[in-house]
Amino acid sequence: MDSHKKEEEFKRNIGKLYPRLHRAMTAYLAGTSVEADDLLQETFLKAYSSLNSFKGNSGLYTWIYSIARNLAIDEFRKQKHEKLRSNTPVEEFQLPARPELEENNREEMILLRKAIARLPELLRSVVVMKTIDGMSYPEISEVTGINEQTLKNRMFRARKELAGILKQMGVNET
Amino acid sequence: MTSYNHNPMNREELEIKINDAADGHLNQAELNRLEMELHAHPDLMEDYHTIMSLPDLSGIYGRTESYRNDITVHQILKKIENEESYSSFDVLSVTWFKKYALAASLMILGLTSAFYYSQPDLMNGDLPLEELLYSFDEPGGDDYVYYLNEWIDD
């Protein structure tokens with residue numbers, strides 16, 4: 001595919017890719033000072049300018065996801081964000097008004113969001129990709145460059161740690 | 001889905017199997033086999049039960065559609081357009097100039113020389129170019145020798 005066609009196709013796909021990536025990044029960045037909207041704008045611009053490096057060996061979504069994640073990690077480093085995580089105000093985890101959710105469910109969802117946000121980046125990123133974004137292990141492997149066995153092992157550790165955090169928070173497991 | 005061999009699994013393999021079970025990738029026979037193996041590792045058995053009873057996290061951030069934002073998408077597309085117009089100017093002024101800088105300088109030199117030699121006044125006129133650039137100074141050496149001879153005679 002020539003570069004002009006590639007650019008046109010990329011521009012057509014932004015509207016389709018944006019909502020899914022926005023949800024995933026909202027989950028990934030929850031409790032941080034990085035805004036998902038700002039990060040996504042930067043991500044798509046960066047992806048567009050480096051479109052020539054996209055060879056189509058991986059999916060377009062996973063390729064853009066890895067750009068977004070790398071930009072976020074750069075931002076975390078800049079802001080030394082990980083040290084500030086515990087100071088994140090509770091309002092960051094509040095849910096928008098959704099009438100279909102009962103009050104108990106809302107509270108539980110907020111606690112679950114907070115629990116994920118307390119995981120270290122290495123584990124949080126895998127949990128978000130797997131459970132919230134619904135990626136397969138081969139897709140997560142494309143994003144992170146880590147082999148599937150290691151990813152599964154990380155996911156085990158993440159689930160174990162998450163269970164511990166939820167226990168501390170007093171959330172009843174199912 | 002991963003098949004089991006009959007050798008007992010090590011801890012790392014068991015952890016991966018527990019994760020497979022939590023992902024819903026094991027059938028009942030595989031789950032039974034895993035639980036049997038876990039009897040030899042009580043701590044992993046505890047992890048297995050804890051992990052299997054974790055709440056479902058898939059829906060806690062709502063549906064994808066609720067994250068649609070046409071305004072932001074429009075802004076991104078607009079920024080891309082701006083970038084495109086900037087980059088075309090950029091290409092023209094930097095890349096092309098750089099690429100053809102030598103050719104352009106040679107061409108300018110050639111045109112200037114051609115213009116100079118095509119002007120008859122400049123070629124055959126009273127003032128050659130050297131005289132325009134370096135003004136003619138009369139040599140004073142002869143006068144100096146003359147005065148020196150007079151002084152010796154005196």
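Only one residue in B:9, B:45, B:36, B:52 is of a type in the set (A, V, I, L, M) and modelled with pLDDT under 95, so which one is that?
B:9
Only one residue in B:57, B:77 is in contact with a Ser or Thr (Cβ under 9 Å, 6 or more places away or on another chain), within 8 Å of chain A (Cβ to nearest Cβ), at pLDDT 90 or above and surrounded by 11 or more Cβ atoms within 10 Å (Cβ to Cβ). Which one?
On the way: B:77 fails: in contact with a Ser or Thr (Cβ under 9 Å, 6 or more places away or on another chain).
Result: B:57 is the single residue among B:57, B:77 that is in contact with a Ser or Thr (Cβ under 9 Å, 6 or more places away or on another chain), within 8 Å of chain A (Cβ to nearest Cβ), at pLDDT 90 or above and surrounded by 11 or more Cβ atoms within 10 Å (Cβ to Cβ).
Right, residue A:31: on the phi > 0 side of the Ramachandran plot and either in contact with a Lys or Arg (Cβ under 6 Å, 6 or more places away or on another chain) or away from chain B (no Cβ under 11 Å) (or both) or not? Break it down stepwise before answering.
On the way: on the phi > 0 side of the Ramachandran plot: yes; either in contact with a Lys or Arg (Cβ under 6 Å, 6 or more places away or on another chain) or away from chain B (no Cβ under 11 Å) (or both): yes.
Criteria met by residue A:31.
Run down B:61, B:48 and say which single residue is of a type in the set (Phe, Trp, Tyr) and in a helix (DSSP H, G or I).
Details: B:61 fails: in a helix (DSSP H, G or I).
After ruling out the rest, the residue left standing is B:48.
So, in the stretch A:3-32, of the ones that are among the small types (Gly, Ala, Ser) and either within 10 Å of the chain's Cα centre (by Cα) or not in a helix (DSSP H, G or I) (or both), which residue ends up farthest from residue B:66 (Cα to Cα)?
It comes out as A:31.
Taking the condition in a helix (DSSP H, G or I) and either more than 12 Å from every other protein chain (Cβ to nearest Cβ) or crowded, with 18+ Cβ neighbours inside 10 Å (or both), does residue A:106 pass?
Here the answer is no, as residue A:106 does not meet what is asked.
Taking the stretch A:140-160 only, how many residues are in contact with a Phe, Trp or Tyr (Cβ under 8 Å, 6 or more places away or on another chain) and closer than 20 Å to residue A:22 by Cα?
So the answer is 2.
Filter the stretch A:126-136 down to residues that are surrounded by 22 or more Cβ atoms within 10 Å (Cβ to Cβ) and touching a residue at least 40 places away in the same chain (Cβ under 8 Å), then give me how many there are.
Taking the stretch A:126-136 as the starting set, the residues that turn out to be surrounded by 22 or more Cβ atoms within 10 Å (Cβ to Cβ) are A:126-131, A:133.
Filter once more, keeping what is touching a residue at least 40 places away in the same chain (Cβ under 8 Å): A:128-129, A:133.
The number of residues fulfilling the criteria is 3.
Sort out which residues of the stretch B:10-40 are within 13 Å of chain A (Cβ to nearest Cβ) and not in a helix (DSSP H, G or I), and write them in order of number.
B:10, B:23, B:24, B:25, B:26
Under 23 Å from residue A:135 (Cα atoms), of a type in the set (S, T, N, Q) and either at pLDDT 95 or above or surrounded by fewer than 11 Cβ atoms within 10 Å (Cβ to Cβ) (or both): is that true of residue B:19 in this structure?
Values: under 23 Å from residue A:135 (Cα atoms): yes; of a type in the set (S, T, N, Q): yes; either at pLDDT 95 or above or surrounded by fewer than 11 Cβ atoms within 10 Å (Cβ to Cβ) (or both): yes.
So residue B:19 fits the description; yes.
The values are calculated or read from the model by the stated rules, or taken from the named source; none is laboratory data. Nothing here was measured: the structure is a model prediction, and the numbers come from that model. Cβ: placed from backbone, ideal geometry, glycine included. Neighbour counts: every protein chain shown.
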